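Trainee: Attaching a single structure in structure tokens format; questions to follow.
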Amino acid sequence: MTKAERIKSAIQETRERRANLRPAVFELKLQNLSRKKEELLSRAFLEAKWLYNWLVSDLGRLNLPANKVDAVEVKVGDSFEERRLVLLGSQIKQEIADRLKDNLRALKKLKERGYRVGPLKPKRFVHSIPLKQYGVTYSLDFARNRARIQKLGDFRVLGLHQIPRGVEIAGAVLVRKPSGYYLHVTCYLAKGDSPEPIAGQPHVTGPRARTLRGYLEAVGIDFGIESKLTLSNGIKIDFEVHETPRLKRLQRKLARAKRGSKRRGKIRFLLRREYEKLNNRRKDAENKVLAFLKLYGKVVFQDDLLASWARLFGRQVHSSRIGGLKLRLRNSLKAPIPVRRFEPTTLCTRQNLHRA
């Protein structure tokens, strides 16, 4: 067999094996970064931006082998300068080019469906770097709580305990956030394994678990605005995380800051960090609600079109992440029972509960 045939055969075997598995993504945080490590990571994301913009500026370059590109032209003022790519491995370069090709295919499909699409433009920032192959572009050391990234070195990571032992580890993505650098690792687990751990989920075992499951066999959910969730047993759950005064103050400062100034860049960074904190608090509330609903054996909910609610109750809908909660109810629970959108909620919920 030729090399191309061996690669094709290996890819086919991997697809067949993973057909009976389910993917899960685990977030690991890179900790105790020295100044040198932070400079290396910052340089890697800068080189990823250079390569992406170099490819976008002339799409004919996608026909070139991206893994062999060692230098690119970067626009500085009114002229172009050559910059060398020293921290990006060959597989990372190829994956960046493949991402761009996927974006072009997606735009083509949208255009065929009648949508108006524009050309891809250069980016000011790149906040994610794909690490395609486990064991080559990156590796994990569970005994020492460390991760090794190609050409960047070893890093101490927090969160390796989340990954069950013996699972199949696939690719990862190196992500830059205002709060630091993270590694999003994709793993494939058996479908019968326990679901991905959720922050705040109660761990109930023994006689108490059997008692709870006896009383919490099935429940119906009605989404609303005043009470975000109203359960058929009378429990009402309301959760909202509004914008903080600090966030509003930073937005006013950004509006007054001069475009292109260092002060404006600093305010934008603080604003991104504040949005990240706000999103984490909303996700934490969503996790706790989902953990409570997982105590029930079956869950019945109406498939409401929450996007239309946002036109009338935008702030109340966005501050609760109720749309994300509905999506996770469908994907995370073992036996969700969605009800058609225009079905009378009360009658349909009673009927499904009776069947359950």
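The values are calculated or read from the model by the stated rules, or taken from the named source; none is laboratory data. Small disclaimer: the values here were computed from a predicted structure and weren't measured. We place every Cβ from the backbone using ideal geometry, glycine too, and count neighbours over all the protein chains shown. Just the protein is used for accessible areas: all its heavy atoms, side chains included, with ligands, DNA and RNA removed. Shrake-Rupley method; radii C 1.70, N 1.55, O 1.52, S 1.80 Å.
Trainee: In whole Hz and in residue order, list the ³J(HN,Hα) couplings for region 158-166 that follow from phi through the Karplus curve 6.51 cos²θ - 1.76 cosθ + 1.60, θ = phi - 60°; x for Gly and Pro.
Mentor: Result, ordered by residue: 10, x, 5, 5, 5, 7, x, 6, x Hz.
Trainee: When only the heavy atoms of the protein chains count and the probe is 1.4 Å, how do 78, 98 rank by accessible area, highest first? All intermediate terms of the calculation are to be shown ahead of the outcome.
Mentor: Values: 78 155, 98 40 Å².
I get 78, 98, largest accessible area first.
Trainee: Leaving out ligands and nucleic acids, note down the accessible area per residue over region 139-196 with a 1.4 angstrom probe, in whole Å². Spell out each step's value before the answer.
Mentor: Numbers: 2800 Å² over 58 residues.
The answer is 48 Å² per residue.
Trainee: Below 19 Å, Cα to Cα, which aspartates and glutamates can residue 236 reach? Residues fewer than 8 away in the same chain don't count.
Mentor: Partners found: 217, 222, 226, 284, 286, 303, 304.
Trainee: Roll a 1.4 angstrom probe over the protein heavy atoms and tell me the percent of accessible area of region 81-201 that is carbon or sulfur.
Mentor: Details: 3430 of 7080 Å².
It is 48 percent, rounded to a whole number.
Trainee: Measure out, as a whole number of angstrom, how far apart the alpha-carbon centroids of region 138-196 and region 1-56 sit.
Mentor: 12 Å
Trainee: Can you pull the percent of region 221-281's accessible area that's carbon plus sulfur, 1.4 Å probe, other chains left in place?
Mentor: On region 221-281, the fraction of accessible area on carbon and sulfur atoms equals 50 percent.
Trainee: Would you count, across region 58-110, every pair of lysines whose alpha carbons are under 19 angstrom apart, provided the pair is eight or more residues apart or spans two chains?
Mentor: Numbers: 68/93; 68/101; 93/101; 101/109.
Going through region 58-110 pair by pair, I get 4.
Trainee: Right, here's the next one. What residues qualify as long-range amide H neighbours of residue 131, i.e. H under 5 Å apart, gap of 5 or more or another chain, H built at 1.01 Å from N?
Mentor: For residue 131, whose amide H was placed from the backbone, the distant partners under 5 Å are 172, 173, 174.
Trainee: Let me know the charge dipole size of region 125-174 about its Cα centre in debye, to the nearest 20, where only the beta-carbon of Lys, Arg (+1) and Asp, Glu (-1) is charged. The partial results should precede the final answer.
Mentor: Values: 7 positive and 3 negative charges, 24 e Å.
It works out to roughly 120 debye.
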